[in-house]
1. Restricting to region 189-202, name every residue that is of a type in the set (Val, Ile, Thr) and loosely packed, with under 14 Cβ neighbours inside 10 Å.
2. Could you please tell me which pairs satisfy a Cβ distance under 8 Å, a separation of 6+ or placement on different chains, a first residue in region 176-202 that is closer than 15 Å to residue 46 by Cα, and a second residue that is part of a loop (DSSP other than H, G, I, E, B)?
3. Have a look at 146, 220, 203, 227 and point out the one that is within 13 Å of residue 65 (Cα to Cα) and not hydrophobic (A, V, I, L, M, F, W, C).
4. Could you tell me whether any residue of region 199-209 is of a type in the set (Ser, Thr, Tyr) and under 25 Å from residue 243 (Cβ atoms)?
5. Among what's in region 203-223 and is without any contact (Cβ under 8 Å) to a residue 40 or more places away in the chain and in a loop (DSSP other than H, G, I, E, B), pick the residue that is surrounded by the most Cβ atoms within 10 Å (Cβ to Cβ).
6. Return yes or no: is residue 56 closer than 21 Å to residue 124 by Cα, of a type outside the set (Val, Ile, Thr) and either in contact with a Lys or Arg (Cβ under 7 Å, 6 or more places away or on another chain) or touching a residue at least 40 places away in the same chain (Cβ under 8 Å) (or both)?
7. Can you name the residue in region 116-148 that is in contact with a Cys (Cβ under 9 Å, 6 or more places away or on another chain) and not in a helix (DSSP H, G or I) and, of all such residues, is modelled with the lowest pLDDT?
8. Considering only residues of region 149-175 that are without any contact (Cβ under 8 Å) to a residue 24 or more places away in the chain and not in a loop (DSSP other than H, G, I, E, B), which is nearest to residue 69 (Cα to Cα)?
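The values are calculated or read from the model by the stated rules, or taken from the named source; none is laboratory data. Note that the coordinates shown come from a computational prediction; the quantities given were computed from them, not determined experimentally. Virtual Cβ from ideal backbone geometry, glycine too; neighbours counted across all protein chains shown.
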Amino acid sequence: TTAGTGSESTRYAVVYFKEQKQSITHESIIPNYVLLEPSVLKTLPVYQKKCTMLDALCQGIESWWSINSNDESKAYSKIAVESIIKYMDSYIYDNDELAAEKIMLAANYSGRAINITQTTAAHAMSYKLTSIYNLPHGHAVSICLPYIWRFMSDNTNLCVDPRGEKYLQNIFSDISRALCSNNPTEAIDNFTTMLKRMQIIAPNEVSKDDLHNLIKSVNPTRLKNNPVELNASAITLLYKKILSYGSDEERNKNDLA
């Protein structure tokens, strides 16, 4: 009924229990057949179209840079990201039938990608945003991703992918091209502009307790898939950036020196 999670092509099932996301993983969860019917997207509210599509886009990007990526997963990610960028406007604003079909397929490919790689820091940092501020999942993930990408791009020396820092820089360049951008800086700026145009914004009333709960909620297992090391200081800095929390001086840095 939506084009977002691509869960029909994954081995994961998800529930929230006591405000914590719990995942069940087993190969038997993957169905033998899937019916992708884009006509059901016609009556989906525009905001839900945006949020679910952004989830698929973030999955494609995160899978692409995951330390678990391989040639197959990267091929799926490329298809997903390029299709979403090409058809997103006609899907969201024109209710175009072909665009709906392409976005639904892109979401399926993003699911195939994360079925191989799992997600990374943007997803790990999004879940508590959803439970505290009642943000749809795709909304929460998408406001995290550009800040995390910028931090990683500025700190590739902290790369933990065994393929190395240069490999990661090349991956960031590949993702940028799929986003119709010349380099990671331009891609991140374009991604941020896209969110503003869609009116996908971060919560603006954040308490100290909220910040503390967000920081301690991040699942270390999902961070292990991230190509750049994120310690507690990095996570704190990133949440402050995402939520515009604290002074400009606190937020206007991208390193931990």
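1. Within region 189-202, 193, 201 meet the criteria.
2. Once the first residue is closer than 15 Å to residue 46 by Cα and sits in region 176-202, its partners that are part of a loop (DSSP other than H, G, I, E, B) give 195/201.
3. Every option except 227 fails the conditions.
4. yes
5. 206
6. Considered against the rule, which asks whether it is closer than 21 Å to residue 124 by Cα, of a type outside the set (Val, Ile, Thr) and either in contact with a Lys or Arg (Cβ under 7 Å, 6 or more places away or on another chain) or touching a residue at least 40 places away in the same chain (Cβ under 8 Å) (or both), residue 56 comes out as yes.
7. 119
8. 167
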